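The values are calculated or read from the model by the stated rules, or taken from the named source; none is laboratory data. For clarity, every value in this text was computed on a predicted model and none was experimentally measured. We place every Cβ from the backbone using ideal geometry, glycine too, and count neighbours over all the protein chains shown. Ligands, DNA and RNA are excluded from the accessible area calculation, which covers all protein heavy atoms including side chains. Shrake-Rupley method; radii C 1.70, N 1.55, O 1.52, S 1.80 Å.
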Amino acid sequence: MPTDVENWKSEVYGNEVRDRLFEFAEEGYDSIPDDERDAWFERFKWWGLYHQRNGQEGYFMMRIGTPNGVLEPGQLRTVGEIADEYARGPGTNPVFGDAYADFTTRQSIQLHWIELSDVPAIFEKLEENGLSTQQACGDSWRNIVGNPVAGKDGQEVIDAWPVIRNLNETFKRDDDHANLPRKWKVSVTGSADGSGQGDINDLAFEPAYKSVGDDESEDAVGFNVRVGGGLARNEPRLARDIDVWVPPERVPDVAGGLSALFRDYGDREDRYNARVKFLVDEWGADEVRETLQSEYVDFELKTAGRDVREEYTYNAGEGERNDLIGVHDQKDGQNFVGLNVLVGRMGADDVLELADLAEQYGSGEVRLSQRQNVIVTDVPDDALDEFLDEPLLEHHAPDPSPFMRGSVACTGTEFCSLSIVETKNRQVRFARWLKANVDLPDGVDEFHVHLSGCTASCAQPQIADVSLRGMKTRKDGEPVEALDVGLGGGLGENPQFARWVTQRVPVDEVPGAIANLVESFAAGRDEGESFRAFVARHDESELDAFVEPEETDYEDPMMHNTKRTWYPYAEHDSMEDAPSTPADD
Amino acid sequence: MTTRLRVLDDGAWVSVNDSREVRVSELWRLDASDLCACELTDLVVENFQSVGVDGATVAARVYGQCIACGSTGTTGWIPIGRVRGGEFVEFDRSAVRRVRQGE
């Protein structure tokens with residue numbers, strides 16, 4: 001039997017939701033009939049609006065999809081102005097203030113405390129500036145990700161940006177692909193560093209060479225295709241190789257064919273089994289390929305080409321360019337400068353200042369990485385030193401502490417219904433404490449700590465050196481927020497998921513646990529050994545012993561059940577003190 | 001009177017008559033020997049799998065983890081509250097909850 005969500009989608013979904021959304025915005029939040037709210041909130045997701053958790057009724061998270069994380073000149077300013085004007089709610093975050101933007105692990109932007117009545121004005125401003133929230137959430141093509149510096153990267157095998165732009169223009173707004181059984185996450189990467197993180201996407205295009213021509217003497221550059229990756233729900237999967245190579249001009253045919261295959265064969269009766277990774281589990285890669293060939297494309301698929309995975313460094317645990325922070329060469333002789341945004345959250349004032357700096361020193365363009373950081377592109381050599389001396393870069397640094405640059409965190413209980421624990425502010429506290437108290441061994445300058453509030457894995461915890469996942473435990477008999485600890489995850493040529501070695505560590509003992517872990521690593525590592533390699537040669541009981549939870553001078557002010565507050569940082573935080581639904585204005 | 005029951009937002013909520021009533025991330029004390037060997041399961045509710053009603057009693061199947069022993073799994077049908085006159089009242093969370101018999 002189809003789920004409620006499927007029934008709602010079959011009634012109204014996709015582009016047509018917009019008209020009703022605007023009517024509700026005009027008439028006010030209360031005009032949404034009580035018995036239709038669940039349905040409309042589900043449909044609003046297709047337009048990038050996600051109703052915040054209880055205690056925050058009437059406020060929405062708004063996600064802006066920026067394909068490949070590309071913000072063209074002027075667009076970051078638009079985001080900053082919208083955040084400043086509209087993303088202000090009744091709660092003040094003690095670290096980030098009143099208005100901020102979140103850069104996500106899928107190269108998108110999230111704003112909070114958005115009121116329904118403001119949505120038409122926000123959409124108008126976004127669209128005037130070439131931005132959109134369309135399909136940023138919901139069961140369809142999500143924001144397409146890739147190497148954020150596509151088209152500029154000195155290490156590029158093939159420029160993926162035109163391919164991504166074409167996919168975005170082809171499949172967004174296309175009613176045939178608007179209503180899928182579940183979300184559809186696509187990655188297209190053209191560089192040899194693996195920074196598109198294709199392995200954890202529903203559909204991945206990765207750079208590969210193929211001998212073509214009548215005598216196969218010509219080496220063409222295109223993409224190998226993988227299907228069925230993803231991290232959510234304790235069911236992580238790496239995308240499976242379906243033995244297909246595709247030239248750039250055929251990418252839309254193959255991507256559309258696989259999207260249609262998912263639309264037609266995905267499970268619409270059980271949302272927990274709906275992602276394409278489960279279909280690939282059931283069918284196997286061969287059947288996916290055979291079905292794609294026989295039912296969804298009208299040309300003969302080529303077998304996989306020669307990939308460049310052995311060159312992958314991004315989030316690979318060692319080697320250069322583990323992330324895109326710092327100054328790097330563009331192929332046109334200019335530079336791109338990756339700046340750290342701790343846990344991906346930037347105050348609206350900083351967003352606007354960064355937009356100014358990008359115009360002053362570069363082309364005005366800014367790009368977002370999957371490690372929640374920003375990249376200013378097109379900085380000429382002669383402007384570099386002055387740019388690096390800008391005061392904003394003291395906070396958003398191109399050369400931050402490994403604990404700052406390695407920090408990734410999801411939204412957490414501040415706004416999210418699913419999360420079990422507070423995350424962003426906690427990871428800020430963790431990173432600051434680790435920076436002040438822990439030294440990594442010589443030569444180790446990358447250390448990724450990802451904190452996800454639940455098994456949905458929005459912070460991609462399974463691909464970090466240290467994976468933290470929200471849990472509960474009891475301490476002195478009292479329930480407290482806790483974290484499961486996993487170790488040794490990462491991507492690269494041979495990606496692997498973290499092993500969950502220590503369960504339910506009270507949050508105030510986690511920094512001490514990481515400190516002890518690093519100490520064991522320093523004492524026991526072979527010369528030049530990476531943390532990931534160190535973890536790989538130990539079994540789980542040994543690793544569990546290295547993770548020695550310990551109270552330190554770190555203090556955690558959010559040990560309690562933050563979900564029972566209307567807003568964890570409010571002075572009067574109980575549900576009874578929750579603000580009323582925002583008035584229409 | 002018909003009671004509208006739904007699991008929403010990827011299992012984050014049980015909605016009763018279009019109101020988000022029961023959330024994940026709470027600790028439930030369970031008498032659930034099929035889930036783990038603890039005398040009482042100390043369950044972190046991570047996801048609602050399904051929700052149903054029997055008379056006036058609303059029950060849910062949930063995925064979670066016992067924080068005493070680490071066992072994970074999906075429970076049987078657990079009564080979580082009652083609908084009276086169209087209003088939902090959640091059962092006391094500090095009380096021991098029991099899987100409905102015969103399920």
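Fraction of C-alpha pairs exceeding 18 angstrom in segment A:404-564: 55 percent, rounded to a whole number. Cα-based values for segment A:150-311, radius of gyration first and Dmax second, are 15.3, 49 Å. So, with a 1.4 angstrom probe, what is the percent of accessible area on the protein assembly as shown that is carbon and sulfur? That fraction is 41 percent.
Tell me whether segment A:1-124 comes out rounded, prolate or oblate; compute the Cα gyration tensor, take square roots of the eigenvalues as a ≥ b ≥ c, and use a/c under 1.5 as the rounded threshold. Prolate shape, in that a/c is at least 1.5 and a/b is the bigger ratio. For the residues of A:468-480, the average number of beta carbons from a partner chain within 10 Å of their own beta carbon is 3.
Could the peptides A:31-38, B:6-13 be put in order, highest first, of the mean number of other beta-carbon atoms found within 10 Å of their residues?
Result, highest mean first: B:6-13, A:31-38.
Mean partner shielding of peptide B:19-32, defined as the number of other chain Cβ atoms within 10 Å of each residue Cβ, is 4.
Name the shape class, rounded, prolate or oblate, that the alpha-carbon gyration tensor gives for the protein assembly as shown, where a ≥ b ≥ c are the square roots of its eigenvalues, rounded holds for a/c under 1.5, and otherwise prolate holds if a/b is larger than b/c and oblate otherwise.
Cα axes put the protein assembly as shown in the rounded bin.
Count the DSSP beta bridges whose two residues both fall in segment B:5-98, then state the antiparallel fraction as a percent rounded to the nearest 5. Counting only bridges with both partners in segment B:5-98, antiparallel ones make up about 95 percent. Legend: residues in segment A:389-422 shielded by at least 20 square angstrom of accessible surface upon adding the remaining protein chains to the isolated chain (1.4 Å probe, heavy atoms) are A:SER417, A:LEU418, A:ILE420. By the Cβ-Cβ criterion of under 4.7 Å, the unpaired cysteines of chain A are A:CYS137, A:CYS416, A:CYS454.
Averaging 1/r across all pairs of distinct Cα atoms in segment B:61-103 and inverting the result yields a Kirkwood radius of 12.1 Å. Segment A:ASP241..A:THR170, full-extension length gain: 23.1 nm, with 0.36 nm per residue of separation and the alpha-carbon distance subtracted. Once B binds A, the 1.4 Å probe can no longer reach about 2700 Å² of accessible area, counting both sides.
For A:ASP153, the residues 5 or more places off, or on other chains, whose built amide H falls under 5 Å of its own are A:LYS331. Between B:THR74 and A:ALA523, the distance separating the two model label sites (each 7 Å from Cα on the Cα→Cβ line) works out to 4.5 nm. Distance between the C-alpha centers of segment A:95-158 and segment B:29-75? Whole Å please. Centre-to-centre distance over Cα atoms comes out at 37 Å. When each of the peptides B:34-40, A:160-166 is scored by the mean number of other C-beta atoms lying within 10 Å of its residues, the order from highest to lowest reads A:160-166, B:34-40. Measuring only protein heavy atoms, the 1.4 Å probe finds A:PHE546 accessible over about 40 Å².
Residue by residue through A:452-460, how many Cβ atoms from other chains fall within 10 Å of the Cβ on average?
Values: counts 0, 1, 8, 6, 5, 0, 0, 0, 0.
So the per-residue partner count for this stretch is 2.
On the basis of the beta-carbon distance and an R0 of 30 Å, A:GLU320 and A:ASP389 show a calculated FRET efficiency of 0.75. In the assembled protein chains, A:ARG173 presents an accessible area of approximately 150 Å² (probe radius 1.4 Å). Inter-part distance, segment A:13-39 to segment A:543-585, computed on C-alpha centroids, equals 31 Å.
For segment A:447-534, the square roots of the Cα gyration tensor eigenvalues, ordered a ≥ b ≥ c, give a/c of at least 1.5 with a/b no greater than b/c, which places it in the oblate category.
A straight chain from A:ALA570 to A:SER31 at 0.36 nm per residue would run longer than the Cα-Cα distance by 191.2 nm.
Could you list log10 I(q)/I(0) for segment A:286-346 at q = 0.15 Å⁻¹, which the Debye formula gives when each Cα is one point scatterer? Debye curve over Cα of segment A:286-346, log10 I(q)/I(0) at q = 0.15 Å⁻¹: -0.75.
Counting only protein heavy atoms and using a 1.4 Å probe, the accessible area of A:HIS177 comes to about 20 Å². Of the peptides A:410-420, A:348-358, the ranking by mean beta-carbon count within 10 Å, highest at the top, reads A:410-420, A:348-358. Basic side chains Lys and Arg get +1 at the Cβ, acidic Asp and Glu get -1 at the Cβ, and with that the dipole of segment A:404-564 about its Cα centre reaches some 860 debye. Loop-located trypsin sites (Lys or Arg not before Pro) across segment A:508-549 with a Cβ neighbour count of 12 or fewer within 10 Å are A:ARG537, with loop assigned by DSSP.
Approximating the spin labels as points 7 Å out from Cα along Cα→Cβ, the B:VAL89-to-A:ASP214 distance works out to 8.6 nm. Spin-label pair B:ASP34-A:GLU81: with each label point 7 Å from Cα along the Cα-Cβ axis, the two points sit 5.9 nm from one another. Calculate I(q)/I(0) for segment A:527-583 by the Debye formula, one identical point scatterer on each C-alpha and no solvent, and give its log10 at q = 0.14, 0.18, 0.19, 0.27 Å⁻¹ to two decimals. Taking Cα atoms of segment A:527-583 as identical point scatterers yields -0.66, -0.77, -0.80, -1.06. Available extension along the chain between A:ASP19 and A:ALA545 is 183.6 nm, counting 0.36 nm per residue and deducting the alpha carbon span. Of all DSSP-defined beta bridges confined to the protein assembly as shown, some 85% are antiparallel rather than parallel.
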